[in-house]
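K.L.:
Let me give you the structure first, and then I'll get to my questions.
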Amino acid sequence: MNPLLLGLIVIFLWDGYFFFNYIISLFRNYRINEWEPKVSIIIPAYNEGERVLRAIESALAQDYPDFEVIVVDDGSEDNTFEAASSVTNARLKVYRVEHGGKAKALNFGLSKASGEVIVTTDADSRLEPDAVKELVRRFYSDEVLGVGGQVRVAGGSFLEMAQDAEHLRIAMFRRAKELDDLSLAPGPIAAFRREALERIGGFVEDIVEDYATTKAVKEFGKVVYAPRARVWTKMPKSLAVLWRQRKRWFLGDLKNLGGGFTKDLAFLLLSDVVAFFDVIVPPLLLLTGQFELFALWWFFETFTMLLPTLFEGGRLINALLFPIILWFWAAFYLTLHVYGYLSVLLRRV
């Protein structure tokens, strides 16, 4: 058999599996509970003086009856505290603490919170008006201790577009496989029952505090996905900053490896095998003149991205350029993962 055709089949089987599961998920029962507990929205902030106001405004604009907003300035060296304090609103509390990292800032906010449900977002992020309501509705039973929403990326550069497409792909995956068993409640849009956080001793102090906290909470109950709860966030605009961010995330994930199907080592390694085929197959199809197979690959990847783009509120350009974006991410993550594996192995030697 043509080895490139075999590689193409592997790609189609992998991507097709999640695409068809995504379609099925759109018709799956979406369990909710109409209740309105008091919510505390905690916004940790470090050197976010230029962006914290937008985060505060979006939090205060929530279409939800009973909530408070707590901003914790984590010892910023700019005007973050002054900017946050300039907002006058009875729902808003602003504190300043000595710089100790995001998890410590979150835990300080938790100590000042009065809500039954604790929502976290970032100072460089903008919650959509119904984000809190959609998060809270997904606490459909007592066993649901946490809920994560959908992260989207603002900005118009190729790198920002690529990251938004990446998060749309993540949204597709989470609907397909994690609707009622979420592996990560992301920091920019997550909600936890207060009692669950207190049971694990607060937010876990880790370089990937959101993943570590999600993992700890899941020891006692369920964490689920709320695709209708959405936040728009800022992401790196340069490749160097992106590399540093994702290196930190990946090394943190490796340290905390676990949490079910999505973080299982076998799954991770298998995804890297598919990424290898994603990197080498399309260019080799072009170089060897197999243009029909290349066109088939381009059509397939565009088609499987088009439905999530339209359904999740994405930009059409994300789907039309997705084959290029996919190749970029495959090469990026394959390089990152090899670096991460070698870093861990060399430290152990």
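The values are calculated or read from the model by the stated rules, or taken from the named source; none is laboratory data. This is a predicted model, so every value here is computed, not measured. As a convention, Cβ positions derive from the backbone with ideal geometry for all residues, glycine included, and neighbour counts pool all protein chains shown.
K.L.:
Quick check on GLY100: is it buried (at least 22 other Cβ atoms within 10 Å of the Cβ), in contact with a strand residue (DSSP E or B) (Cβ under 8 Å, 6 or more places away or on another chain), touching a residue at least 12 places away in the same chain (Cβ under 8 Å) and of a type outside the set (A, V, I, L, M, F, W, C)?
P.N.:
no
K.L.:
Is there any pair with a first residue in the stretch 324-341 that is in contact (Cβ under 8 Å) with a residue 40 or more places away in the chain and part of a helix (DSSP H, G or I) and a second that is surrounded by fewer than 19 Cβ atoms within 10 Å (Cβ to Cβ) and among the basic types (Lys, Arg) whose Cβ atoms are under 7 Å apart and which are 6 or more apart or on different chains, and what are they?
P.N.:
Partner pairs satisfying both residue conditions: LEU336/ARG246; LEU336/LYS247.
K.L.:
A follow-up question, please. Conditions first: (1) modelled with pLDDT of 95 or more; (2) part of a helix (DSSP H, G or I); (3) of a type in the set (Ser, Thr, Tyr). TYR17 passes all but one, so which condition is the exception?
P.N.:
For TYR17, the exception is condition (1).
K.L.:
Would it be correct to say that GLY75 is touching a Phe, Trp or Tyr at 6+ places or on another chain (Cβ under 8 Å), under 30 Å from LEU287 (Cα atoms) and surrounded by 14 or more Cβ atoms within 10 Å (Cβ to Cβ)?
P.N.:
Taking the combined requirement at face value, the residue does not satisfy it.
K.L.:
Which of (1) in contact with a Gly (Cβ under 9 Å, 6 or more places away or on another chain); (2) surrounded by 16 or more Cβ atoms within 10 Å (Cβ to Cβ) does ASP66 not meet, given it meets every other one?
P.N.:
(2) is the only condition that ASP66 fails.
K.L.:
Also: When residues of the stretch 71-102 are filtered for being in contact with a Leu (Cβ under 9 Å, 6 or more places away or on another chain) and in a loop (DSSP other than H, G, I, E, B), how many remain?
P.N.:
4
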